[in-house]
Amino acid sequence: MTYRVLISDPLSEDGIYPLREAEKIEVDMITDLTAAQLQEKIVDYDALLVRSQTKVTREIIANGKRLKIIGRAGVGVDNIDLDAATAHGVIVVNAPDGNTNSAAEHTMAMLMALARKIPQAYHALLQKKWDRKSHVGVELKGKTLGVIGMGRIGREVALRAKGQRMKVMAYDPFLTDDKAEQLGVSRGTVEEVVQVADFITVHTPLLKETKHLINTEAFTKMKDGVQLINCARGGIIDEEALYEAIVSGKVAGAALDVFEEEPATDHKLLELPQVIATPHLGASTVEAQENVAIDVSHDVVRLLTGDLVKNP
Ligand code: NAD
Ligand code: MLT
């Protein structure tokens, strides 16, 4: 029996070697399928591998008559209909560790670019404006970074921020006093974190409980001139409330890697000079893409050949 694996988002060719080398597994990487085309094609495959672009809908899963496994090369599984997968007996595996470092580094890059207005200054230079007055930044040293979500990425960000001599206050329902002490951060409620922070960065998954966690009410409690970073998931920060908070002058700046609707090329937040943004690049490094592709490929091979998976 030969198993067929479809990869529908661009994955690192160097990372999918476990699949390429496996006996009895055939791999097709076809990355420009429409939803309708994927729904039609899926019928011939035992496994589907995706990043975040492919929306694995109920209809696609239902049509996967021989589909056994969906592999997500990355952390978030919010682009996969998990209820439908469960209902059809399809296992979903992700690769939660491989892009932690890259996402943490991207968050720090956004924090520093935000504090020093680097994208805005570069943009002005491209327009032949040597404008130093408009691009005065603030130091990170001595400022408080509020970290909401102290999982893999949040912790790495907290450690790096301490390297910038920032104070860190964090909230996570699973952060204990001992762990906070060990990490050298103080622990607070969401309310306390948003009240004391000069910069706030969110690192939770997008869940019912975290959707619009940062909303109009939260903005009213923040310091004037606070700056926010979202390299986790669009929707954790209420975009409408953020827009209003920036226009009112409450929020001095925001750095966004993710949006409620992606791709977000025509978003009103992008019209504000206080907003800097990247197109969901947190995990877009050679290393992270190789890591997640290797992890998820190993799991697919293990599962199709009857072994245990690492991250079901
Ligand atoms: P993780 O599961 O290790 O950590 C998430 C943390 O959020 C957990 O510690 C959890 O307890 C905490 N949490 C859950 N609900 C919370 C709440 N209501 N308030 C505060 N904390 C809460 O995940 P991770 O690997 O650190 O990833 C964090 C986020 O970053 C995810 O949304 C992931 O999809 C996203 N991500 C984005 C990129 C990117 O390209 N921008 C790359 C990797 C990960
Ligand atoms: C993730 O959840 O791993 C990220 O959003 C990264 C990605 O898939 O590009």
Original post:
Which residue out of Thr100, Thr54 is within 21 Å of Ala158 (Cα to Cα), within 16 Å of ligand 2 (Cβ to nearest atom) and not small (Gly, Ala, Ser)?
Top reply: Thr100
**OP:** Select, from Leu111, Leu159, Leu125, Leu145, the only residue that is away from ligand 2 (no atom under 16 Å from the Cβ), among the aliphatic types (A, V, I, L, M) and touching a residue at least 60 places away in the same chain (Cβ under 8 Å).
**Re:** Leu111
Original post:
Among the listed residues Leu140, Leu126, which satisfies the condition of being surrounded by fewer than 15 Cβ atoms within 10 Å (Cβ to Cβ), aliphatic (A, V, I, L, M) and more than 10 Å from ligand 1 (Cβ to nearest atom)?
Top reply: Leu126
**OP:** For the stretch 27-57, name all the residues that are buried (at least 20 other Cβ atoms within 10 Å of the Cβ) and of a type in the set (Asp, Glu).
**Re:** Asp46
Original post:
Say we look at the stretch 241-261 and pick out the residues that are surrounded by fewer than 15 Cβ atoms within 10 Å (Cβ to Cβ) and touching a residue at least 24 places away in the same chain (Cβ under 8 Å); which of these is farthest from ligand 1 (Cβ to nearest atom)?
Top reply: Gly249
Subject >> Filter result for Val147 (more than 11 Å from ligand 1 (Cβ to nearest atom) and crowded, with 21+ Cβ neighbours inside 10 Å) >> reply: no
Subject >> Selected residue (criterion: nearest to ligand 1 (Cβ to nearest atom)) from residues of the stretch 30-52 that are without any contact (Cβ under 8 Å) to a residue 24 or more places away in the chain and over 19 Å from Leu303 (Cα atoms) >> reply: Asp32
Original post:
Restricting attention to the stretch 129-150, which residues are closer than 30 Å to Gly71 by Cβ and in a loop (DSSP other than H, G, I, E, B)?
Top reply: Gly149, Met150
Original post:
How many of the residues making up the stretch 175-215 are loosely packed, with under 14 Cβ neighbours inside 10 Å and either over 20 Å from the mean Cα position of the chain (by Cα) or of a type in the set (S, T, N, Q) (or both)?
Top reply: 8
Original post:
Considering only the stretch 216-233, how many residues are free of Cβ contacts under 8 Å to residues at least 60 places away in the same chain and under 16 Å from the mean Cα position of the chain (by Cα)?
Top reply: 2
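Bear in mind that the values in this text are calculations on the coordinates, not laboratory data. None of these values were measured; they are calculated from a predicted model. Neighbour counts are summed over all protein chains in view; Cβ atoms, including those assigned to glycine, are modelled from backbone coordinates with ideal geometry.
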